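In what follows, a single structure is set out as structure tokens and then discussed.
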Amino acid sequence: MAPQQTCEDNLSENRFVADKLEDVASLLDQQNASLFRVRAYRDAASYLRGLPHPVRLDYQSGGKRGLDDLPTIGPSIAATIAEILDTGALGLLDRLRGAADPEQVFQSVPMIGPALARQIHDDLGIDTLEALEAAAYDGRLATIKGIGPRRVESLRHSLTDMLARRRPRQAPRDRQQPSIADILAVDQAYRSNVEQLPTIKPRRFNPTGGTRLPILHTERDEWQFTALFSNSPTAHRFGKTRDWVVIYFERSDQPEAQVTVVTEHGGPLGGKRVIRGQEEACAAHYEAPDHRHLQSL
């Protein structure tokens with residue numbers, strides 16, 4: 001009887017993962033995401049419930065690629081399953097529920113305690129390990145007081161080890177992102193339609209418990225986007241909770257990442273929407289002949 005019980009225990013993890021994928025599908029459906037995206041999560045959940053062996057074995061033997069090789073499990077959902085198997089939780093699900101706790105996520109990284117996790121979130125406005133790794137490579141993490149070059153390097157190695165099996169084999173600095181035009185178009189679509197969008201109930205900074213945070217799911221080219229107003233302490237402190245827009249994006253061959261779009265104050269970009277940390281690229285976008293032509297129409 002013992003081996004049978006052990007097998008049952010192992011397969012129960014498949015059901016645990018499947019339940020989380022089904023929860024993602026249900027929330028995406030409620031929030032008007034594309035039917036293709038909703039169906040992908042539901043099909044993956046259904047497959048895992050019928051899988052005759054523990055899905056963890058595929059992950060242990062082949063990493064994310066081992067999951068990606070399973071029927072109905074594409075690269076993006078493979079990374080999602082890997083996160084659940086690694087941590088027992090899923091940042092995407094928490095975000096869709098309005099229950100994300102970035103500070104707790106960052107504390108899973110060696111050398112990051114509660115105070116530093118809070119400072120990273122407050123100062124950089126990021127809330128995923130992937131975004132933290134990007135900040136470690138593009139110089140933003142080094143701007144945090146108390147984080148010197150050696151600590152940045154150590155954090156890079158820790159994050160690489162933590163995330164390696166969840167994503168394609170690609171150096172962080174070589175990853176692609178959607179075009180500036182696409183990101184700004186998603187930002188515009190979000191801010192122009194907040195009254196018509198479904199809303200979620202954020203756990204943080206929500207004393208009334210209302211469902212007050214609009215959420216947009218959309219696709220452009222091969223990228224999937226989710227956009228929300230920033231609900232960070234810094235956004236509240238500076239009164240920017242209806243200006244700063246956090247945009248998450250992913251593609252089948254790229255792990256999820258995020259950017260924040262804000263209204264620039266002063267300088268040549270004054271009054272324009274820009275991607276924080278990518279001001280030069282945004283300036284080039286606005287100076288492009290095609291964009292100037294559209295403005296003149």
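Quick notes on this structure:
- Farthest toward the positive end of the dipole of the stretch 2-90, out of ALA25, THR87, LEU11, is the Cα of ALA25, where the dipole comes from beta carbon charges about the Cα centre.
- Listed by chain and number, the lysines whose alpha-carbon sits under 21 Å from that of LYS272, ignoring those within fewer than 8 places in the same chain, are LYS240.
- Pair-distance profile P(r), taking every C-alpha pair of the stretch 47-114, with 5 angstrom steps and integer %: 4, 16, 21, 21, 15, 14, 8, 2, 0
- Given LYS64/LYS201; LYS20/LYS201; LYS64/LYS145; LYS20/LYS145, the pairs whose alpha carbons are separated by over 26 Å: LYS64/LYS201; LYS64/LYS145; LYS20/LYS145
- Only the Cβ atoms of Lys and Arg (+1) and of Asp and Glu (-1) were treated as charged; on that basis the dipole of the chain about its Cα centre amounts to roughly 620 debye.
- Using the empirical formula 2.2 N^0.38 Å as the baseline, the Cα radius of gyration of the stretch 102-166 reaches a ratio of 0.97.
- Relative contact order, whole percent, for the chain stands at 15, derived from Cα pairs under 8 Å and 6 or more residues apart.
- For the chain, alpha-carbon Rg and Dmax in angstrom: 20.1, 76
- Value of relative contact order over the stretch 80-200, rounded to a whole percent, pairs C-alpha under 8 Å and six or more apart: 22
- Sorted largest first, extent of the stretch 2-90 alpha carbons per principal axis (Å): 45, 24, 22
No lab work stands behind these numbers, since they all come straight from the coordinates. Everything quoted here is computed from the prediction, not taken from an experiment. Neighbour counts run over all protein chains shown; Cβ positions are idealised from the backbone, glycine included.
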